[in-house]
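Enquirer: Attaching a single structure in structure tokens format; questions to follow.
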């Protein structure tokens, strides 16, 4: 939360010889943490319990599938929170990276479904004679898994170096990313022989898992959950590190950072590429859960929706972004079932409400309440006098 | 330079440091036809507090921008410790030992005071080191907290600081980087007399191991804390590397500062146009 608590923690831990040593104060220090850590840690434990034990036991296979999809979206959301909330880069085109990861995975799964030496099914419909050279390397599962992360990160790094070096920022950057997502969709639709066009790519197995079997779907659910945990921990480590502070510093005063001897381009590229990598992983997991990836799930509209989840959940908080992705998508499903055309209006209203009344999203409501409590107290008899303002605007909670 | 300079000392010449660590020669810059700086020469020696004064629009901040790499000069050179600074990227120049502050104090308001200082102090760290969590307080950060008097507010967000404290924090951040040349752009603007004195003492402290170039409007502040003074006027050096007494006695400087109100704007631009043609001839 702040350096002073970390300092005391480290000072105590050091003479004990390493962080993992169970000593008298070990449980309190490592598990319960400081006073500020208690609420987040309890929340984390409760949510983990719900997702690991309660959800698989209580939900039908259909609902668990939906939950798995929301968790995949949460992986994208964590990346957006890092790039946008912490780094100030409004990424309006995460569909691009989501799509890159998704198509890489779908290509491999289609080849795996077709069998060695065979072509994917859709290619016999389009009349291609040979497997295109672009597809060949994706027969290898290892290459595929590497590319799921590496390809979006490489594209983002290249893009970032070009864009950030020429000091493109703010709305210009946002529009640029969005245009790229749109261009990617046009490319996919145009290269029908290579990509399946608007139909996209369908898959039926995932590394030996049969996606029609409920027990295998449960395994997939746990894989998604594990990946989300890893992604969350990576983002949390980045946010809490010096790099995380530097990222906030670049967001708030890029010139000051530059004249402190850092290259803001590097700082931003790292966050942007990490967010892209997370979107790529999410896209790759989206494929087996939904069974298909097509341009409709990664164009401009889906890309904007991704940002809305994070805005609703709280863009400076990684946990808030996850909550936002889960809640908004849950609401979308529920409302669409009850009133098919109502969701668009509800989503618009939700976004307006968040922008107008809770700019820090759900995760910022607590901070907002603490800062404005005395305003409401004024109207009550025996009101307390102005409370000292507390809490940094960065919202330190990971 | 001796440590007794920490107290507000009268102006003096330092004969022990004849070799200027900062050498600016023939510097000129044009912004879309406007000659902002013309043939500027400036020397600053190790450990001196060198003031750069002049009326609004004299090109003081432009000069700082050129030294730190923000603006590229049209002509001339800036040599610091025998390294040419022009042409380097801003963050490279910082790594060569040149730090700067901004006219409006720029600190990271969402971070705490200690975090601001820690980030500044970590500027030589690689990405792998930066990705680790900060543990403990570096000695440079502790020193900066002590010197700037911000020790009690170390864990408060920098956004909650008063105006003067933000300026000190910014200077403190630069101090943690152990620069050899520090450029301060109007460090006492908007400060109370008390705060000015404290800022001056801070500048004196910094100058123990560092050359300080201060851009200032405030003549009183200059009188109290300057070793050497250079006066700029309309992009040209009016008085180079003088003592405070010399500057105060100079009738031309007096004219520029006091007779400034009589100037009409047109004559300024006409003069600028005239210098434009003369530099082309000399070049």
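The values are calculated or read from the model by the stated rules, or taken from the named source; none is laboratory data. Worth saying up front: this structure is predicted, and the values here are computed from it rather than measured. Positions of Cβ are generated from backbone atoms using ideal geometry, with glycine treated the same way; all protein chains shown enter the neighbour counts.
Enquirer: Does any residue of the stretch A:230-246 turn out to be in a loop (DSSP other than H, G, I, E, B) and either within 14 Å of chain B (Cβ to nearest Cβ) or under 30 Å from residue B:180 (Cα atoms) (or both)?
Expert: Yes, the conditions are met somewhere in the stretch A:230-246.
Enquirer: When residue A:226 is evaluated against the numbered criteria (1) under 20 Å from residue A:79 (Cα atoms); (2) touching a residue at least 12 places away in the same chain (Cβ under 8 Å); (3) more than 14 Å from chain B (Cβ to nearest Cβ), which criterion, by number, is the only one it fails?
Expert: Condition (2) is where residue A:226 drops out.
Enquirer: Here are some residues: A:158, A:188. Which one is assigned to a helix (DSSP H, G or I), surrounded by fewer than 21 Cβ atoms within 10 Å (Cβ to Cβ) and either more than 14 Å from every other protein chain (Cβ to nearest Cβ) or without any contact (Cβ under 8 Å) to a residue 60 or more places away in the chain (or both)?
Expert: None of the other options fit; the residue is A:158.
Enquirer: Within the stretch B:158-182, can you find the residues that are over 18 Å from residue B:104 (Cα atoms) and part of a strand (DSSP E or B)?
Expert: Correct list: B:181 only.
Enquirer: Same structure, new question: Please list, ordered by residue number, the helices (runs of 4 or more DSSP H) wholly in the stretch B:105-157 having 2 or more residues that are modelled with pLDDT of 90 or more, surrounded by fewer than 23 Cβ atoms within 10 Å (Cβ to Cβ) and more than 9 Å from chain A (Cβ to nearest Cβ).
Expert: B:139-148
Enquirer: Let me ask something additional. Mind checking which residues of the stretch B:66-87 are out of contact with any helix residue (DSSP H, G or I) (no Cβ under 6 Å at 6 or more places or on another chain) and either part of a strand (DSSP E or B) or farther than 17 Å from residue B:36 by Cβ (or both)?
Expert: B:75, B:76, B:77, B:79, B:80, B:81, B:82, B:83, B:84, B:87
Enquirer: Using beta carbons and a limit of 8 Å, which pairs, at least six apart or on different chains, have the first residue in the stretch B:158-170 and away from every other protein chain (no Cβ under 11 Å) and without any contact (Cβ under 8 Å) to a residue 60 or more places away in the chain and the second one surrounded by fewer than 21 Cβ atoms within 10 Å (Cβ to Cβ) and assigned to a helix (DSSP H, G or I)?
Expert: What qualifies is B:161/B:153; B:164/B:195; B:164/B:198; B:165/B:153; B:168/B:198.
Enquirer: Another one. Taking interchain pairs and intrachain pairs at least six residues apart, which have beta carbon atoms under 7 angstrom, with the first residue in the stretch B:80-96 and within 12 Å of another protein chain (Cβ to nearest Cβ) and the second not in a loop (DSSP other than H, G, I, E, B)?
Expert: B:90/A:258; B:91/A:258; B:96/B:80; B:96/B:83
The rows are residues; the columns are (1) in contact (Cβ under 8 Å) with a residue 60 or more places away in the chain; (2) part of a helix (DSSP H, G or I); (3) closer than 24 Å to residue A:278 by Cα.
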{"site": "A:28", "(1), (2), (3)": "no, yes, no"}
{"site": "A:51", "(1), (2), (3)": "yes, yes, yes"}
{"site": "A:54", "(1), (2), (3)": "no, yes, no"}
{"site": "A:57", "(1), (2), (3)": "no, yes, no"}
{"site": "A:67", "(1), (2), (3)": "yes, yes, yes"}
{"site": "A:70", "(1), (2), (3)": "yes, yes, yes"}
{"site": "A:75", "(1), (2), (3)": "yes, yes, yes"}
{"site": "A:78", "(1), (2), (3)": "yes, yes, yes"}
{"site": "A:88", "(1), (2), (3)": "yes, no, yes"}
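Enquirer: Of the residues A:282, A:273, only one is within 20 Å of residue A:227 (Cα to Cα), within 14 Å of another protein chain (Cβ to nearest Cβ) and out of contact with any strand residue (DSSP E or B) (no Cβ under 6 Å at 6 or more places or on another chain); which?
Expert: A:273
Table: residues versus (1) modelled with pLDDT of 70 or more; (2) under 30 Å from residue A:180 (Cα atoms).
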residue: A:4; (1), (2): no, no
residue: A:19; (1), (2): no, no
residue: A:52; (1), (2): yes, no
residue: A:70; (1), (2): yes, yes
residue: A:75; (1), (2): yes, yes
residue: A:84; (1), (2): yes, yes
residue: A:88; (1), (2): yes, yes
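Enquirer: Please tell me if residue A:218 is in a helix (DSSP H, G or I), over 30 Å from residue A:90 (Cβ atoms) and at pLDDT below 90.
Expert: In short, no.
Enquirer: State all residues of the stretch A:247-257 that are modelled with pLDDT of 95 or more and within 7 Å of chain B (Cβ to nearest Cβ); if no residue qualifies, say none.
Expert: A:248, A:249
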